[in-house]
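The values are calculated or read from the model by the stated rules, or taken from the named source; none is laboratory data. Everything numeric here is computed off the predicted structure, so don't read it as measured data. Here Cβ is always computed from backbone atoms with ideal geometry, including for glycine, and neighbour counts include all displayed protein chains. Heads up: the accessible areas ignore ligands, DNA and RNA and are worked out on the full protein's heavy atoms, side chains in. Shrake-Rupley method; radii C 1.70, N 1.55, O 1.52, S 1.80 Å.
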Amino acid sequence: MIELHLLWPPGTTEPSVPFTDDRTLEDLGFPMIIDAMAAGDADIARVAKAVFVHATTDTSIIRWRQELVTDAIAHPQLVRDLARIAQHGAQMERRTAYATRPQAPISQLLRSREILALLIADLRALAQRIEEPGGDVSSQGLRLLFTTIRDNFDSAYLNSLEIELEQLKFEHGLVTRATLGPGNLTNPDLIIEAPFEGRGWRDRLALSLTSKHRIEIAPRDQAGSETLRELRNLALGQIGVALAHGLDTIVRFFVALRDDLAWLVGSLNLRDYLSATGVPVCFPEPTDQRWELSFCQLIEPTLALRSGQRPTPNDFPDEIAEPIVISGANSGGKTTWLQGTAIAIVMMQTGSFVTAEQFRASMRSGLRTFFPEDEDRELRQGRLQSELARLATTIASLSAGGLLLMNEPLASTNEMEASAIVTTVVAELTTRGITTIVVTHYPSVARELGTYGVSLRPEVINNGVRTHRIQASPAPENSSAMDIYRQLGGW
């Protein structure tokens with residue numbers, strides 16, 4: 001198996017424990033981001049989702065991928081061309097699987113020969129593309145890929161494959177040798193030779209014409225014809241097995257290359273979408289601090305993808321205090337701030353760019369959301385009981401260094417009970433090394449958490465106008481019920 005090291009540098013492997021889960025990606029709006037990356041390509045969508053779920057906690061891998069994506073942005077056509085070639089080669093996977101099914105040896109050989117011809121053309125196109133002008137890549141990942149292609153698929157190797165492909169037509173016959181095994185029994189493994197290999201022209205002529213070296217089967221000799229067919233099928237069967245193994249190795253290379261390049265093409269597609277709406281992108285700076293967060297002009301990307309316009313950005317000063325609690329006016333951008341921050345952290349830990357002019361955050365061991373969900377229509381549990389059970393399950397999936405995003409937690413009960421439970425849970429999580437960001441409309445929850453954490457509120461100007469900017473501010477004394485009432489005009 002030819003190893004590739006585009007997404008995972010040499011000596012590293014994909015983590016066994018997922019960084020996040022499907023529910024979290026859904027809550028944060030990642031399906032829209034994945035759709036933008038895929039641009040209708042199912043393979044890109046599959047790879048992108050897998051990369052998000054298995055985001056890394058290793059800063060060296062993040063640096064490796066940031067360098068790789070930067071190189072892809074500098075050479076977009078090269079990356080897209082390589083991906084197109086890899087995609088074509090990977091499509092042979094199904095045809096290879098069909099060719100290896102039990103079938104007549106001659107049929108298997110014909111199908112395998114056809115697939116090999118197509119794969120040779122793809123390998124040659126791949127080798128030629130990396131040598132064309134404009135292929136002066138600088139990232140370690142792409143340089144290592146180019147070295148792998150040159151070392152394994154140089155012109156001499158590809159020429160030898162084409163020679164063997166011609167020999168597989170057996171235009172000059174099929175030459176085999178049998179050996180005796182224990183007890184003078186015929187060894188079932190035949191030795192296949194190239195026709196007339198190692199013989200001069202005199203020997204070739206004698207072998208072809210001398211009657212003592214020839215056995216002719218009479219037209220009506222069914223037993224003789226069947227024996228000859230069995231010998232031929234035995235030889236062709238062994239050739240087919242060896243050829244299928246070689247095809248599998250080449251196809252696996254193309255499949256792995258397609259998947260790794262899919263991430264880069266998806267990144268290019270996403271950047272094109274964001275650039276069209278004027279959304280800035282930058283490569284974030286991961287840190288190893290226990291908790292740190294700061295950013296400048298951060299934008300929630302799904303808003304831009306949905307509207308086709310540049311949304312209102314937010315700034316956040318360098319903070320190490322936790323938890324972060326956001327309260328205040330409804331429709332002011334609280335959930336948008338939460339989602340935008342979380343998306344940036346996940347993107348950072350995949351080694352991609354984020355939608356900001358500057359972003360710096362500490363590495364997280366895992367990330368989960370606790371967002372509102374629909375009521376249990378089967379009425380197996382009360383809403384509060386169901387919510388607490390789900391919260392317990394969510395917390396159990398996090399360890400020290402994790403991040404929990406809570407959006408309107410325990411809204412199913414009254415403010416006094418919600419405040420008591422939420423503040424107790426957050427305090428306990430903090431002692432365990434798990435950071436929380438909480439969005440709540442309960443003033444008492446915000447005031448309690450804000451006493452030792454960071455309190456944020458949406459900016460409201462000119463008699464209730466929302467700017468959709470979130471700023472540091474003490475928690476409100478009251479909820480926003482009257483504010484909503486006034487917006488609706490009252491009764």
Looking only at helices (runs of 4 or more DSSP H) that lie completely in region 1-67, which have at least 1 residues being in contact (Cβ under 8 Å) with a residue 60 or more places away in the chain and hydroxyl-bearing (Ser, Thr, Tyr)? 22-28
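Of all the strands (runs of 3 or more DSSP E) wholly in region 271-342, which have at least 2 residues that are open to solvent by 50 Å² or more (accessible area, probe 1.4 Å)?
On the way: elements: 285-287, 293-298, 314-319, 324-326.
Answer list for region 271-342: 314-319.
Quick check on my filter: what residues within region 426-447 are surrounded by 18 or more Cβ atoms within 10 Å (Cβ to Cβ) and under 21 Å from residue 293 (Cβ atoms)?
If we filter region 426-447 for residues that are surrounded by 18 or more Cβ atoms within 10 Å (Cβ to Cβ), which is where we start, we get 426, 429, 434-447.
Within region 426-447, 426, 429, 434, 435, 436, 437, 438, 439, 440, 445, 446 meet the criteria.
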Hey, residue 61 surrounded by fewer than 17 Cβ atoms within 10 Å (Cβ to Cβ) and modelled with pLDDT of 95 or more or not: no
Of the candidates 361, 411, 400, the one satisfying the condition of being modelled with pLDDT of 95 or more and surrounded by fewer than 22 Cβ atoms within 10 Å (Cβ to Cβ) is 400
Given the criteria modelled with pLDDT of 95 or more, open to solvent by 30 Å² or more (accessible area, probe 1.4 Å), in a helix (DSSP H, G or I) and not basic (Lys, Arg), does residue 71 qualify? no
Out of region 1-24, which residues are open to solvent by 10 Å² or more (accessible area, probe 1.4 Å) and under 22 Å from residue 338 (Cα atoms)? 18, 21, 22, 23
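Determine if region 35-51 includes at least one residue that is within 23 Å of residue 341 (Cα to Cα), at pLDDT 95 or above, open to solvent by less than 40 Å² (accessible area, probe 1.4 Å) and out of contact with any helix residue (DSSP H, G or I) (no Cβ under 6 Å at 6 or more places or on another chain). So that I can check it myself, show each step before the final result.
We begin by selecting, within region 35-51, every residue within 23 Å of residue 341 (Cα to Cα); these are 35-38, 45, 47-51.
Subset that is at pLDDT 95 or above: 35-38, 45, 47-51.
Right, trim to open to solvent by less than 40 Å² (accessible area, probe 1.4 Å) and you get 36-38, 45, 47-48, 51.
Those still in the list that are out of contact with any helix residue (DSSP H, G or I) (no Cβ under 6 Å at 6 or more places or on another chain) too: none.
Checked against the condition, which is being within 23 Å of residue 341 (Cα to Cα), at pLDDT 95 or above, open to solvent by less than 40 Å² (accessible area, probe 1.4 Å) and out of contact with any helix residue (DSSP H, G or I) (no Cβ under 6 Å at 6 or more places or on another chain), region 35-51 yields no hits at all.
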Would you be able to tell me the number of residues in region 448-469 that are over 16 Å from residue 292 (Cα atoms) and in a loop (DSSP other than H, G, I, E, B)? 4
Looking only at region 75-111, count how many residues are polar (S, T, N, Q) and modelled with pLDDT of 75 or more. 3
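Please enumerate the residues belonging to region 385-426 that are of a type outside the set (Asp, Glu), in a loop (DSSP other than H, G, I, E, B) and in contact with a strand residue (DSSP E or B) (Cβ under 9 Å, 6 or more places away or on another chain).
Once the filter is applied, which keeps residues that are of a type outside the set (Asp, Glu), in a loop (DSSP other than H, G, I, E, B) and in contact with a strand residue (DSSP E or B) (Cβ under 9 Å, 6 or more places away or on another chain), region 385-426 yields 397, 398, 399, 401, 409.
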Hey, residue 264 open to solvent by less than 50 Å² (accessible area, probe 1.4 Å) and either among the hydroxyl-bearing types (Ser, Thr, Tyr) or on the phi < 0 side of the Ramachandran plot (or both) or not: yes
Under 6 Å by Cβ, and 6 or more places apart or on different chains, what pairs join a residue from region 343-357 that is at pLDDT below 95 and assigned to a loop (DSSP other than H, G, I, E, B) with one that is of a type in the set (Val, Ile, Thr) and open to solvent by 10 Å² or more (accessible area, probe 1.4 Å)? none
When residue 345 is run through (1) β-branched (Val, Ile, Thr); (2) open to solvent by 10 Å² or more (accessible area, probe 1.4 Å); (3) under 21 Å from residue 436 (Cα atoms), the failure sits at (2)
